[in-house]
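The values are calculated or read from the model by the stated rules, or taken from the named source; none is laboratory data. What you are looking at is a predicted structure, and each value in this text was computed from that prediction instead of being measured. Glycine also receives a Cβ, built like all others from the backbone with ideal geometry; neighbour counts cover every protein chain displayed. Please note that ligands, DNA and RNA were not included when accessible areas were found on the heavy atoms of the full protein model with its side chains. Shrake-Rupley method; radii C 1.70, N 1.55, O 1.52, S 1.80 Å.
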Amino acid sequence: MFSADSTAASPGDARRLATAYLQDHCPRADADAVQVVLSELVTNAARHTPDGTWTMTLRYADGLLALRVEDSSPDLPRPRQGDTLDGQGGLGLGLVDKLSDHVTMAPMPVGKAITARWKVDEAVAH
């Protein structure tokens with residue numbers, strides 16, 4: 001398991017450390033997809049929470065890779081309505097959904113948690 005938070009790491013640090021974790025523990029994972037999803041979730045947490053704080057955990061076990069990002073905002077992200085590129089953002093959740101096998105969003109006692117999961121077949125390279 002690998003963990004990082006905004007008090008000790010920037011989003012860029014989290015991406016680099018996550019890549020190292022994947023190389024060591026889950027080399028067959030789609031590292032590019034994980035990096036984009038991590039970037040979207042951490043950046044959104046930093047941008048849309050009152051204090052900009054976040055924590056993330058990356059864990060691989062039994063053929064399942066899970067990336068969990070928690071933040072202090074109780075507001076669950078909403079999918080973008082329509083497909084216009086108006087400069088207002090809102091495309092990240094769609095990317096997260098397309099690049100992962102499964103995404104869950106859950107309210108927490110303080111804030112929320114978003115978890116993206118990937119099935120990683122150890123017998124077949126991605």
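Spin-label point model (7 Å from Cα, Cβ direction): what's the VAL110 to ASP5 distance in nm?
That separation, rounded to one decimal, is 0.9 nm.
Want the number for LYS119 to SER72: 0.36 nm per residue separation, take away the alpha-carbon distance, what's left?
The span from LYS119 to SER72 would gain 14.1 nm if fully extended.
Whenever you get a sec, compute what percent of the accessible area on the chain sits on carbon and sulfur atoms (1.4 Å probe). Don't jump to the answer; show the numbers that get you there.
Working: 3930 of 7500 Å².
After summing per-atom areas, the C and S share lands at 52 percent.
Taking only DSSP H segments of four or more residues, each worth -39500 (n - 2.57), what value at 222 nm results for the chain once the sum is divided by all its residues, to the nearest 500 deg cm²/dmol? Each step should come with its number before you reach the end.
Values: 3 runs with 41 residues, N = 126.
Result for the chain, helices only: -10500 deg cm²/dmol.
With each pseudo-label sitting 7 Å past Cα toward Cβ, what's the ALA20-LEU95 distance in nm, one decimal?
In this crude label model, ALA20 to LEU95 measures out at 2.4 nm.
Amide H neighbours of THR49 under 5 Å, counting only residues 5+ apart in sequence or on other chains, H built in-plane at 1.01 Å?
Long-range HN contacts for THR49: none found.
Just the accessible area per residue of the chain, please: how many Å² with a 1.4 Å probe? Before the final figure, lay out the partial values.
Working: 7500 Å² over 126 residues.
That works out to 59 Å² for each residue.
Using the alpha carbon gyration tensor of the chain, what are the three equivalent-ellipsoid semi-axes (square root of 5 times each eigenvalue), largest first, in whole Å? Please report the intermediate quantities before stating the final value.
Values: eigenvalues 110, 61, 35 Å².
In descending order the semi-axes read 23, 17, 13 Å.
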